[in-house]
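**Q** What follows is a structure written as structure tokens; I'll ask about it next.
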Amino acid sequence: MIIAVTNQKGGVGKTTITINLSAALAILGYRVLTIDMDPQGNSSDGMGIETNTLDDTIYDTLVNDVPLSDIILPHQLDNWAIAPANISLSGAETELASDITRPFKLRKALRSEAEKYDFVLIDSPPSLGILTVNAIVASNALLVPIEPNSYALKGMSMLMSTILKIKEDLEHYTSFLGVAVNMFDPSITLHSSVTKTITEYFTSRKVFDTIIHRSRKIPEAEMHGQHIHAYAPQDEAARHFMDLAKEVVEKNNER
């Protein structure tokens with residue numbers, strides 16, 4: 001399964017979910033590849049990669065046709081690898097502007113690599129530009145993180161419109177794997193009411209049962225370049241991400 005983790009709204013925890021869900025799947029014994037498609041390179045940083053020292057990144061794969069296998073780096077956690085990014089990726093939009101095959105660059109690069117992994121997770125930037133389009137076109141499943149605040153559903157119609165346009169114009173269909181409620185605080189009444197609204201809006205089948213609670217350990221782990229399962233394995237968030245991973249596995253088995 002190739003999963004694009006996307007939401008054009010920033011600050012909803014796409015990177016946090018990508019890193020910790022990837023780690024949980026690897027701990028469960030699945031072969032996992034994480035692809036960083038965000039020019040900020042936060043997934044790469046959060047996995048302990050020194051992004052400024054890299055010779056080749058996902059930018060070189062997209063723009064210079066460097067094989068994906070040449071840029072993939074193993075993680076110290078068994079079964080887990082990353083295709084990293086750094087600030088150079090911010091130039092990809094301009095570099096690919098005249099390339100008519102630009103929406104398909106990542107999908108083409110993944111053809112020879114995807115079969116080596118049980119799960120590929122793609123961390124997308126907070127926009128609906130060509131990098132996000134590449135992530136969606138390369139994927140066969142879409143995971144949308146949402147923070148349960150008053151702006152949670154804002155822009156979702158735009159994302160759905162983009163998915164429909166990709167289906168019609170590029171003849172690519174990506175199934176909607178589900179919405180993951182992230183950074184939930186049970187002490188905030190609004191969070192509970194918004195989560196209920198989200199479930200009603202998407203129907204319960206399209207919202208993961210697992211709700212990721214806000215945890216101070218998560219930003220600490222990311223600052224140290226670690227996933228939550230290594231940094232604070234007893235933290236509640238580590239259990240939540242493991243539960244989310246099991247749900248993803250179950251949905252994959254149902255396909």
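Values in this text are rule-based calculations from the coordinates and carry no lab data. Bear in mind that the values here come from a model prediction, so they are computed numbers and not experimental data. Note that each Cβ is placed from the backbone with ideal geometry, even for glycine, and that neighbours are counted across all protein chains shown.
**Q** Can you give the helix-only mean residue ellipticity at 222 nm for the chain, where every DSSP H stretch with n ≥ 4 adds -39500 (n - 2.57) and the sum goes over all residues, rounded to the nearest 500 deg cm²/dmol? Display every interim value, and only then the final one.
**A** Details: 12 runs with 107 residues, N = 255.
Calculated at 222 nm, the ellipticity per residue is -12000 deg cm²/dmol.
**Q** Which one, G225, A141, G178, is farthest towards the positive end of the dipole of the chain when Lys and Arg carry +1 and Asp and Glu -1 on their Cβ?
**A** Going by the Cα projections, it comes out as G178.
**Q** What residue among L244, L153, L142 has the largest mean-square fluctuation in a Gaussian network model of the chain, using Cα springs under 10 Å?
**A** With Cα springs under 10 Å in the chain, the top fluctuation among L244, L153, L142 is at L153.
**Q** If you take all C-alpha pairs in the range 189-255, what percent of them are over 17 Å apart? Could you put the intermediate results ahead of the total?
**A** Values: 1188 of 2211 pairs.
So the pairs more than 17 Å apart make up 54 percent of the total in the range 189-255.
**Q** Under 19 Å Cα-Cα from K251, which aspartates and glutamates qualify once same-chain neighbours fewer than 8 residues away are excluded?
**A** Straight-line reach from K251, under 19 Å: E115, D118, D209, D243.
**Q** While we're here: Relative to the present Cα-Cα distance, how much length would full extension add between E200 and F104 at 0.36 nm per residue of separation? Intermediate results must be reported in sequence, preceding the final value.
**A** Numbers: separation 96, 0.36 × 96 = 34.56 nm, distance 3.42 nm.
Between E200 and F104, full extension yields an extra 31.1 nm.
**Q** Continuing with this model, one more query. If the chain between N140 and D65 were fully stretched, how many nm would it gain, using 0.36 nm times the residue separation less the Cα-Cα distance?
**A** Working: separation 75, 0.36 × 75 = 27.00 nm, distance 2.22 nm.
Length gained between N140 and D65: 24.8 nm.
**Q** Can I get the semi-axes of the range 86-170's equivalent ellipsoid? Compute them from the C-alpha gyration tensor as square roots of 5 times the eigenvalues, in angstrom, largest first.
**A** So the three semi-axes of the range 86-170 are 23, 17, 14 Å.
**Q** Please enumerate, by chain and number, the aspartates and glutamates with C-alpha under 15 Å from the C-alpha of K206, excluding those fewer than 8 residues away in the same chain.
**A** E247, E250, E254
**Q** At 20 °C and a viscosity of 1.002 mPa s, what translational diffusion coefficient does Stokes-Einstein give for the range 29-113, taking Rh as the Kirkwood radius over Cα pairs? Give it in µm²/s as a whole number.
**A** Numbers: Rh = 13.1 Å.
It comes out at roughly 164 µm²/s.
**Q** With just the Cα atoms defining each centre, how far is the range 183-210 from the range 133-154? Give it in Å.
**A** 15
**Q** Please arrange V249, V179 by counting, for each residue, the other beta carbons lying within 10 Å of its beta carbon, fewest first.
**A** On the way: V249 17, V179 23.
Fewest-to-most Cβ neighbours within 10 Å comes out as V249, V179.
**Q** List the pairs from K14/K246; K14/K105; K116/K196; K116/K165; K105/K217 whose alpha-carbon separation is above 28 Å, in the order I gave them.
**A** Details: K14/K246 18 Å; K14/K105 22 Å; K116/K196 38 Å; K116/K165 30 Å; K105/K217 36 Å.
In this structure, K116/K196; K116/K165; K105/K217 exceed 28 Å between Cα atoms.
**Q** Can you give the Kirkwood hydrodynamic radius of the range 130-219 from its Cα pairs, in Å with one decimal?
**A** Kirkwood hydrodynamic radius for the range 130-219: 14.2 Å.
**Q** Something else about it: Determine by what factor the alpha-carbon radius of gyration of the range 2-254 differs from 2.2 N^0.38 Å, reporting the quotient.
**A** Working: Rg = 17.1 Å, N = 253, 2.2 N^0.38 = 18.0 Å.
Relative to the rule-of-thumb radius for its length, the range 2-254 sits at 0.95.
**Q** Among the aspartates and glutamates, which fall within straight-line cross-link reach of K9, defined as a Cα-Cα distance under 18 Å, with same-chain neighbours fewer than 8 residues apart omitted?
**A** Straight-distance partners of K9: D36, D38, D123, E147.
**Q** Another question about this same structure. Have a look at the DSSP beta bridges in the chain and tell me what percent are antiparallel, nearest 5.
**A** Of all bridge pairs located within the chain, approximately 10 percent are antiparallel.
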